[in-house]
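The values are calculated or read from the model by the stated rules, or taken from the named source; none is laboratory data. Owing to the predicted nature of the structure, the values given are computational and were not obtained by experimental measurement. Backbone-built Cβ (ideal geometry, glycine too); neighbour counts: all protein chains shown. Surface areas here come from the heavy atoms of the whole protein model, side chains and all, with no ligands, DNA or RNA. Shrake-Rupley method; radii C 1.70, N 1.55, O 1.52, S 1.80 Å.
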Amino acid sequence: MVELYGKAMSRRDIAAKAGSFSQFAGVRLMTLADGVERGIRMLEFRSGTGLRFTVLVDRALDIADCDYRGMAIGWNSPAGFKHPGLHEYEGEGGLSWLRSFSGLMVTCGLDHILFMADEPGDTYVYGPRRNISHSLHGRIGTIPARLTGYGEEWRGDDCILWCEGVVTQGTVFGEHLDLVRRIEIKAGTDEIRLTDRVANRGFYRTPHMYCYHINVGHPVLAENSRYLAPIKEVVWAAHAGADYEKQGVGYHTMPAPQLDFHEQVWQHEMAADTEGQVPVALVNDALGIGFEVVTRKDQFPCMYEWQNLQAGQYALGIEPSTNHVLGHGAARERGELIWLEHGEERRYDTTFRILPNVDAIAASERRIRSLSEQPADAFPPPTGNHIALGGRR
């Protein structure tokens, strides 16, 4: 059944009330036509609850806009949703990724995440490619997808809104990786389900690193908004040391937009439930609105918190990752870099959930606290305990 306007309705009930289901919910393909976004194909999803989000077909099927009953959930940066043809991957010493960085979710990978790094290129057996130079957060987020399908699928009296596509990161004498992405939401709900599969289609042994940069903006992010997570320990903070408390912003309670704020990044070691799931949320108690991300510990063993609280760029990032924040070189040295042989793949299952009222916020907080009581101290001393990541080869 589809729940619309407080009432559960069958497919027949809904059909009797309108000539097209798109009056209530649906998915439609459109093309942006102005400014730096000109030419980008975009899918707009409306679930029928007041939840609307857009998927950028030409930017790795990442989620751009997201709003709920007139309140923004996702973050729009000054960079806009730039057409990939305007992106310069090698620019600014590897930092030009920031000039295409915007939206609720930006995918990082497929063979590199985090800051710029060089790695040996010997796996590709090509003399001139002695080293692979990686820019910030990798290439995948600005590669167009091949859209393989989208629309509404009825399963009895349930309607699933969906899209699917393939994003290929490939080169001659180098990596050939496919990201197969499917996004679904059941009509009448506030829960987006993302399923990714990253596969090696080439015949070179190829490294794989993966991260989602999930960016929540105002009004979910506001003064006194709370970061909720089953934190067992704070492992690392980019600003730790003598300046740890200099900006006066801890990990769990957010301030209003700041002037001259330098980004803060934390890595937390999270507890998982009996099914291996890790829920993390940002909530605004005053407005009774929140946003929850649920990942799997066996797929994303690491979790970062990104605070960009600068006025005009105000965002809080929830970042599940395959690897520690130590970076590409450390992943190699510690034997934690994932290697994919031909035909091998990794799967990632993630849920984005709107918390539409105080009851939903309270339920989320109870669930999180049942897994681990997060530190009461706003500035817990980082332990430096980057636990060994298993299952790598």
Full-stretch length increase - Ala33, Asp273 - with 0.36 nm per residue and alpha-carbon distance subtracted | 81.9 nm
Just from its helices, what would the mean residue ellipticity at 222 nm be for the chain, if runs of 4 or more DSSP H residues each count -39500 (n - 2.57) and the sum is divided by every residue, rounded to the nearest 500 deg cm²/dmol?
-> -2000 deg cm²/dmol
Contact order normalised by residue count of region 58-150, Cα under 8 Å, 6+ apart, percent | 34
Quote the FRET efficiency, to the nearest 0.05, computed for Arg369 versus Arg130 with a Förster distance R0 of 41 Å and r equal to the Cβ-Cβ distance.
-> 0.20
Distance (nanometres) between label positions extended 7 Å along Cα→Cβ at Glu152 and Met116 | 4.9
Go through 92-99, 188-195, 239-246 and give me the packing order, highest mean Cβ count within 10 Å leading.
-> 188-195, 92-99, 239-246
SASA check, Arg334, accessible area w/ 1.4 Å probe, all protein chains in place, rounded to nearest 10 Å², comes out at 100
Gain on full stretching of the segment that runs from Tyr204 to Ala8 - 0.36 nm per residue minus C-alpha separation | 65.4 nm
Per-peptide average of other Cβ atoms within 10 Å, ordering 146-157, 74-85 highest first = 74-85, 146-157
Rounded to the nearest 20 Debye, what is the dipole magnitude of region 182-229 about its Cα centre when Lys and Arg each give +1 and Asp and Glu each give -1 at the C-beta?
-> 380
Pull out the extension gain between His262 and Thr195, defined as 0.36 nm times the separation in residues minus the alpha carbon to alpha carbon distance; nm, one decimal.
-> 20.8 nm
Cα-Cα longer than 26 Å, checked against Lys17/Lys186; Lys246/Lys297; Lys7/Lys186, kept in input order, equals Lys246/Lys297
Here FRET efficiency (C-beta to C-beta, Arg347 to Tyr244, R₀ 30 Å, nearest 0.05) is 0.20
What percentage of the solvent-accessible surface of region 94-170, computed with a 1.4 Å probe over protein heavy atoms, is contributed by carbon and sulfur atoms?
-> 49
Portion, in percent, of the accessible area of region 186-339 that falls on carbon or sulfur, probe 1.4 Å = 46
Are there cysteines in the chain with no other Cys C-beta under 4.7 Å, and if so, which?
-> Cys66, Cys159, Cys163, Cys302
Compactness of region 116-261, expressed as Rg and Dmax over alpha-carbon positions, Å = 21.1, 60
Taking amide H positions as placed 1.01 Å from N in the peptide plane, with prolines and chain starts having none, which residues 5 or more places from His134, or on another chain, fall under 5 Å of its amide H?
-> Ala117, Asp118, Glu119
Can you tell me which of 125-134, 47-56, 104-113, 248-257 comes out highest on packing, and rank the rest after it, using the mean Cβ neighbours within 10 Å?
-> 104-113, 47-56, 248-257, 125-134
What residues have an amide H closer than 5 Å to that of Leu51, excluding those fewer than 5 places away on the same chain, when H is modeled at 1.01 Å from N in the peptide plane?
-> Arg69
Using a probe of 1.4 angstrom, how much of the accessible area of region 13-90 is carbon and sulfur, in percent?
-> 48
